[in-house]
Each structure stands twice: as C-alpha cells, then as structure tokens.
Amino acid sequence: MDTDSIKAALKTVKFPGFSRDIISFGLVRNVEFNNGEALIGIEITTGDTKIPEQIAADIKATVGALEGVQDVKVQMEISTPQNQPSPNGAANGNAPASSAAMQNVKFAIAVASGKGGVGKSTVTVNLACALQRLLEADGKPGVGIMDCDIYGPSIPLMLGAAGRPEIENDLILPLQNFGVSTMSMGFLVDEDTPVVWRGPMIMKTIQQFAQNVNWGELEILVVDLPPGTGDAQLSLVQTIPLDGAVIVTTPQPAASNVARRGARMFEKVNVPYLGVVENMSYLEADDGTRQHLFGEGGGASTAESLETPLLGEIPIDTAIREGCDNGIPIVVSDPESVAAKEFFKVARRIIDQLHT
Ligand code: ADP
C-alpha cells in the first residue's frame, strides 16, 4: 500500500450530491501512509456542516477497505464562504444543505468571461436552451440557469421569464420558460435597486441560489458567473461544486488575453475547462462573404493556451440581439439559422464531454 494507491481510491469518493470526485475538485491537500495508518488532509469551503461529515465518512469507508490499511484519519480544514454569517445555517434549520437543494442536479457548469460585454449571458441562454432541446430528445432531465451576474442580471429578460418566484417548503421555486428553470437576482430586486446595495449581497445571494432553491431534477445547471476574475468570482466557484467551465471571448487578441487570465481562476480550484466559445466572430453578408469586425483568432488562441477545445464560433447576427431583447433566444425562434446551429454544436460537444 502506498499514497498513490490511496489517492487512486480517493478518486472514487464523490462530492456529496455531485458526479465529481473530491480529488478533481481539489479538496485533498495531503495524503500520508505510515505503518498501516492513512492520514488524509481535506480543505473545504462550505457553510454546510453535513458536507464535510459525509466526505469524512466516505473517505473512511473507501480507504479503510483497502488492503494493508488498518486505520484512517481525516483532517478537515473547513472555511465558510465569505460573508457567510453562520457556519451552522444548515444545523439550525435556516439553510437546507446544498446537497439537498441540488442533490438532483447531475452536472453544474460555469459560463465565464474575463470582462463584460462579450456576450456571456447571450451564450448562457442560447446554450441552455440548446442543451435542453438535445437532452429532451435523449429522454434526459432538464436544464437550469443560475444567474450569478447580480450586477446586471439579464437572464430573465433574455429568457422571457418574468415574475416573482414562489416559496414551497422553505425553498424558492425557479421560474421556467422554454423548459429551462432559472433563478436570478433579477426576480428578487427591482431594476432601480442601487448596485451598491447589491455588492455585499453577492456571496449571500449565490449561497442561497445553491442552498435554498429547489432546482428539482436537472441534468445540467448552467451557472452564469459575473464578468471578471476577482475575489467574488473565486469565492463563487469555490461555493458551487462545478463540473466544468466554458470560457466566452470575442475574437480580438486583447479580449482573449483577458479571457485567458480570467480562466486561470478555474485552475486554482481544479475545475476543468470544457472549452472556449468565440462570440461575435464574423458578420456574414448576403453574398456569403465574411467580415471579421473584431479581428480574428482570439478564440482559437485562448483555447490553445488553455489546452482546451474551441467549441464554436458564433457569428454577429442582429437576430441574436433581437432574440435577447424579445426574450426568445435564437435557438428557439430560428433553430435552423447558422448561429443557432453553432449553439447546438457547442451544446452537443459539452454533453459529449460531460458524459465521457
Ligand atoms: P455579457 O453578458 O458578456 O455582458 P451580453 O450577453 O449581455 O454580454 O451581450 C451584450 C449585448 O450584445 C447584448 O445586447 C446582446 O444582445 C448582444 N450580443 C451578444 N452576442 C451577440 C451576437 N453574436 N450577435 C449580435 N449581438 C450580440
């Protein structure tokens, strides 16, 4: 018995309620093995006390079953997410465990960009609708969007979902349109609520989206992150157990530099890249010629430097913007268009990657 074999065994221990294991999620800090005793150090950020308990129990069961291991010790270093008032939220009944609210969510993926205005929310909404249609055709459960862009929550408008969410058994019910469930700060505050008020709320809100929203049974939850790569984004990706990240960029080299720097955040928390989507890649004229208004090659170079695939190149199309403004994504309104087909291609590639 050696530490490599123990690490291999730890790869079979899943984060409670999720398909990813604790090694790939970056929770395992050290593994030691001396005289039949395995010592495993775990570092985890969570406000839910049940999650570390479950992980420790699973580690003990898995590693304890290995030949030559007489004793297993698990050292837990637990930190609570920033701005979390109490680590005992779950215990005192205020906050149901995220594993309970999200236990039927099979995969969670993030959509991120280095800066705003590159079309991250547009990609999120069209991607979610495309995923929903493909999964439905495969007889799989649905898709949800967690809109974490609390400074400019545009998902409700783009998805044509409006109203106030209802509460059932202490859990918020997401709103639905086109078969996609969604939860957004946009449902909870009025448009003219000052942004300064929202700042301190960011972590608390996101924590609630993960813990207090009844997502139901979802195959894929698409998480629209706020643009940028600061501490808020980092805490966020540590709060929600993510199975992968999609990076959105525009084609010009400057934008892709920003995207690359931003994307490195996922490496810190061991969230694998699913790939890069280049948005606003070209404008096609009636005669089929393509104009590269924002330059060329940014998506490909971002993908190359992150060693991840370029999943697709979305053209500039007024129908995409109109779809956003009217609340009917182009994937729904005109699924045969070039842009929609590209979104379907991206969605299919993501499904293939998650299921392998
Ligand atoms: P972000 O979420 O990155 O801030 P948005 O998704 O809000 O960006 O997009 C910004 C604006 O650009 C929106 O008005 C949207 O409709 C428009 N837009 C995004 N992608 C495209 C595209 N490929 N073609 C045309 N308009 C687009």
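The values are calculated or read from the model by the stated rules, or taken from the named source; none is laboratory data. Computed from a prediction, not measured in an experiment: that's the story for all the values here. Counting neighbours? That spans all protein chains shown, and the Cβs are built from the backbone with ideal geometry, glycine included. All accessible areas refer to the heavy atoms of the entire protein, side chains included, with ligands and DNA or RNA removed. Shrake-Rupley method; radii C 1.70, N 1.55, O 1.52, S 1.80 Å.
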(message) If I fit a long axis through the Cα atoms of helix 120-137 and take the longest principal axis of the Cα atoms of the chain, what angle between them do I get, 0 to 90°, rounded to 10?
(response) 80
(message) Explain nothing, just the number: dipole magnitude of the chain about its Cα centre with +1 on each Lys and Arg Cβ and -1 on each Asp and Glu Cβ, in debye rounded to the nearest 20.
(response) 480
(message) Cut-off under 19 Å on the C-alpha distance; same-chain residues fewer than 8 positions from Lys11 excluded. Which lysines are left, in chain and number order?
(response) Lys60, Lys73, Lys106, Lys268
(message) Among Gly262, Leu27, Asn214, which residue has its Cα furthest toward the positive end of the charge dipole of the chain, with +1 on Lys/Arg Cβ and -1 on Asp/Glu Cβ?
(response) Leu27
(message) Angle check, please: helix 253-268 long axis (alpha carbons) against the longest principal axis of the chain (alpha carbons), in degrees 0 to 90, nearest 10.
(response) 20
(request) Kindly provide the pair-distance distribution of the chain built from C-alpha pairs, with 20 Å bins from 0 and whole-percent values in order of increasing distance. (result) 30, 56, 14, 1
(message) Probe of 1.4 angstrom, ligands and nucleic acids ignored: what's the accessible area per residue over the chain, in square angstrom?
(response) 43
(request) Show which aspartates and glutamates lie in cross-link reach of Lys115 when reach means a straight Cα distance below 17 angstrom and same-chain residues fewer than eight apart are skipped. (result) Asp147, Asp149, Asp224, Asp231, Glu278
(message) Name the residue from Thr205, Phe187, Ile316 whose Cα lies farthest towards the positive end of the charge dipole of the chain, charges +1 on Cβ of Lys and Arg and -1 on Cβ of Asp and Glu.
(response) Thr205
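Quick one: plug the Kirkwood hydrodynamic radius of segment 3-79 (C-alpha pairs) into Stokes-Einstein at 20 °C, 1.002 mPa s, and report D in µm²/s.
Here the translational diffusion coefficient equals 174 µm²/s.
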(request) Working from Cα positions, state the angle (0 to 90°, nearest 10) between the long axis of helix 50-64 and the longest principal axis of the chain. (result) 60
(message) What is the percent carbon and sulfur in the accessible area of the chain, measuring with a 1.4 Å probe over the protein chains and ignoring ligands?
(response) 48
(message) Given the options Ala162, Met102, Gly295, identify the residue whose Cα lies farthest towards the positive end of the charge dipole of the chain (+1 on Cβ of Lys, Arg; -1 on Cβ of Asp, Glu).
(response) Met102
